[in-house]
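Shown next, in structure tokens, is the structure this report addresses.
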Amino acid sequence: MKFFDVIKKRRAIRNYLPAPIGEDELKRILEAANSAPSAGNLQSYEIYVVMEKRRRESLARAAREQLFIAGAPVSLVFCTHAALAQERYGKRAERLYSIQDATIACAFAMLAATAQGLGTVWIGAFEPEDVRKVIGAPPGIVPVAILPIGRAADAPEAPERRGVEDLTHWEG
């Protein structure tokens, strides 16, 4: 799929078929996330892969009962790991750079999944401490996004979007 086709095809998918994700598909998604730019190339984030059914169910409950999450065969949890960048960037690493690093990696993963014909939805509504416990992350690792991945059971229409002219401001 060509890049701009991927951008246009991406949708928020909340209904998944029970079909598994291939190991090669998941590997390409993780490699794409690993290719994302990061502050100082320090990659101050971690990715937790959640595949086991009970853990997916726990993850869905921790995400404010968004039970459709458990229907996806894989969820990736993107977390900040600010300590990786704090020596170079101090507090800004925790407040901004590690969050940016994790979310850019998540966006790359989302687009890689779409390019392979898979569906995803960005989940930001969850209890971070509950999610951290579900994935077994140590203190200091902070979840910022959950990305369920699966084969879409439906094909939603493109939602209304603001026009580019409404969100673009030209200086000058």
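Brief remarks follow.
- Within the range 87-108, restricting attention to residues that are among the small types (Gly, Ala, Ser) and within 22 Å of LEU147 (Cα to Cα), the residue that is surrounded by the fewest Cβ atoms within 10 Å (Cβ to Cβ) is ALA107.
- Of the residues making up the range 4-56, those that are over 15 Å from PHE78 (Cα atoms), of a type outside the set (Asp, Glu) and without any contact (Cβ under 8 Å) to a residue 40 or more places away in the chain are PHE4, GLY22, LYS27, ASN41, LYS53, ARG54.
- Considering ILE123, ILE135, ILE69, the condition of being under 24 Å from LYS8 (Cβ atoms) and at pLDDT 95 or above is satisfied by ILE123 alone.
- Some residue of the range 17-32 being at pLDDT 95 or above, touching a His at 6+ places or on another chain (Cβ under 6 Å), more than 18 Å from LYS133 (Cα to Cα) and not in a helix (DSSP H, G or I): no
- Test: residue in the range 67-77 that is touching an Asp or Glu at 6+ places or on another chain (Cβ under 9 Å), β-branched (Val, Ile, Thr) and farther than 17 Å from ARG151 by Cβ: yes
- Just so you know, in the range 72-86 the residues that are small (Gly, Ala, Ser) and within 16 Å of the chain's Cα centre (by Cα) include one that is surrounded by the most Cβ atoms within 10 Å (Cβ to Cβ), and it is ALA72.
- Among the residues making up the range 122-150, those that are under 19 Å from LYS53 (Cβ atoms) and either crowded, with 18+ Cβ neighbours inside 10 Å or of a type in the set (Asp, Glu) (or both) are ILE123, PHE126, ASP130, VAL131, VAL134, ILE135, ILE146, LEU147, PRO148, ILE149, GLY150.
- You will find that of ARG64, ARG11, the residue that is charged (D, E, K, R) and in contact with a Pro (Cβ under 8 Å, 6 or more places away or on another chain) is ARG11 and no other.
- Within the range 27-50, the residues that satisfy the criterion of being surrounded by 18 or more Cβ atoms within 10 Å (Cβ to Cβ) and over 13 Å from the mean Cα position of the chain (by Cα) are SER38, ALA39, LEU42, GLN43, SER44.
- Single residue of the range 151-164 satisfying the filter (over 17 Å from the mean Cα position of the chain (by Cα) and hydrophobic (A, V, I, L, M, F, W, C)) that is surrounded by the fewest Cβ atoms within 10 Å (Cβ to Cβ): VAL164
- Looking only at the range 137-160, and only at residues there that are touching a helix residue (DSSP H, G or I) at 6+ places or on another chain (Cβ under 9 Å) and without any contact (Cβ under 8 Å) to a residue 40 or more places away in the chain, the one that is farthest from GLU23 (Cα to Cα): PRO139
The values are calculated or read from the model by the stated rules, or taken from the named source; none is laboratory data. The structure presented is a predicted model; accordingly, all values stated were derived computationally and were not measured. For neighbour counting, all protein chains shown are included, and Cβ atoms are generated from backbone atoms with ideal geometry for every residue, glycine included.
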